[in-house]
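Take a look at the structure set out below.
The values are calculated or read from the model by the stated rules, or taken from the named source; none is laboratory data. Every value quoted in this text rests on a predicted model; they were computed, and no experiment measured them. Here the Cβ is made from the backbone with ideal geometry for all residues, glycine too, and neighbour counts use every protein chain on show.
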């Protein structure tokens, strides 16, 4: 399959929207279930930031497509094979350490990706990225502190944080395994260079893991498939819960 | 659970440059860095601030309400300590 630049841009925006939406839905599951009231609010704030980003990316994807699809159509009227988010983001919240590890692994990558997108020659993507990167930098500050506290905390928290990082590691390769859409964005619009971002990401992650007294897992077999709509079994349930209301009462509004 | 609860921090926020920090409330947090994050999330969601201070509540020493008469009443009849005899020029704000 070869894609033209316009389709690639739409697909790219849509994928970023999918990442943001799926992660926010995961985080929303923790609302009313946080370990502390204040942490609960911190988590909900992060989830809200991601919903905001998903809306901007989807709106742009809809405009590029030009068939009148709105952000809600993208969120609520597509089935899981049409979602092209990273598998890492659909993984269940697990315990608090799992949630933190998932987020640090992703947001460290995402911050670098957004930095690169700010410089790209798609003005809308650059604009959205400029706004999003400020939010993500704050998330990272907050989440990295947590990973350090857990890793460098008690023996039990250290062991569990290491296990969280180890078990999620196989989903990290996908972030840098671009396809032709990523290549087109990079070549035609000075978009993100995933190889360069991978190198930065390793340095960033090594630093936070080191501070957290955790060790960096070896790169083994890497999972993937999100860009092709091939997901782990967890996404279906997430989508079903998220879309339940719209599917039951089509067009429901408030 | 009392001994596992995070300590309390008092939160002070400066709403804009030039004003001073004001006490706005408190948050629970395990350490000062976390308290700063929590204060940001709880008290500046709607752009209420440009700067945040946090301090452990246990580090604050407060005056005793029972001694307030001895503490504060003697100042009541010293009207000359108030700058009420000056005219404030037009255009001076935040005084």
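Do we find a residue being farther than 27 Å from residue A:17 by Cβ and out of contact with any strand residue (DSSP E or B) (no Cβ under 8 Å at 6 or more places or on another chain) anywhere in the stretch A:191-202?
From the stretch A:191-202, those farther than 27 Å from residue A:17 by Cβ are none; that's our starting set.
The answer is no, given that none of the residues of the stretch A:191-202 is farther than 27 Å from residue A:17 by Cβ and out of contact with any strand residue (DSSP E or B) (no Cβ under 8 Å at 6 or more places or on another chain).
What residue, of B:72, B:12, is assigned to a strand (DSSP E or B) and out of contact with any helix residue (DSSP H, G or I) (no Cβ under 6 Å at 6 or more places or on another chain)? Lay out the reasoning, then the answer.
Details: B:72 fails: assigned to a strand (DSSP E or B).
Going through B:72, B:12 in turn, the sole match is B:12.
Is it fair to say residue B:63 is assigned to a loop (DSSP other than H, G, I, E, B) and more than 14 Å from every other protein chain (Cβ to nearest Cβ)?
Working: assigned to a loop (DSSP other than H, G, I, E, B): yes; more than 14 Å from every other protein chain (Cβ to nearest Cβ): yes.
Against the criterion (assigned to a loop (DSSP other than H, G, I, E, B) and more than 14 Å from every other protein chain (Cβ to nearest Cβ)), residue B:63 qualifies.
Scanning the stretch B:31-42 for any residue that is under 15 Å from the mean Cα position of the chain (by Cα), surrounded by 16 or more Cβ atoms within 10 Å (Cβ to Cβ) and in a strand (DSSP E or B) turns up nothing. Between B:25, B:49, B:18, the distinction of being assigned to a strand (DSSP E or B) and either within 14 Å of another protein chain (Cβ to nearest Cβ) or touching a residue at least 24 places away in the same chain (Cβ under 8 Å) (or both) belongs to B:25 only. I'm trying to understand the selection: among the residues of the stretch A:1-44, which are surrounded by 20 or more Cβ atoms within 10 Å (Cβ to Cβ) and either within 14 Å of chain B (Cβ to nearest Cβ) or farther than 20 Å from residue A:76 by Cα (or both)? Result: A:8, A:9, A:27, A:38, A:39, A:42, A:43.
Determine, yes or no, whether residue A:152 is surrounded by fewer than 19 Cβ atoms within 10 Å (Cβ to Cβ) and under 25 Å from residue A:225 (Cβ atoms).
No: the conditions fail for residue A:152.
Against the list (1) more than 14 Å from chain A (Cβ to nearest Cβ); (2) closer than 30 Å to residue A:36 by Cα; (3) modelled with pLDDT under 95, the condition residue B:31 fails is (1).
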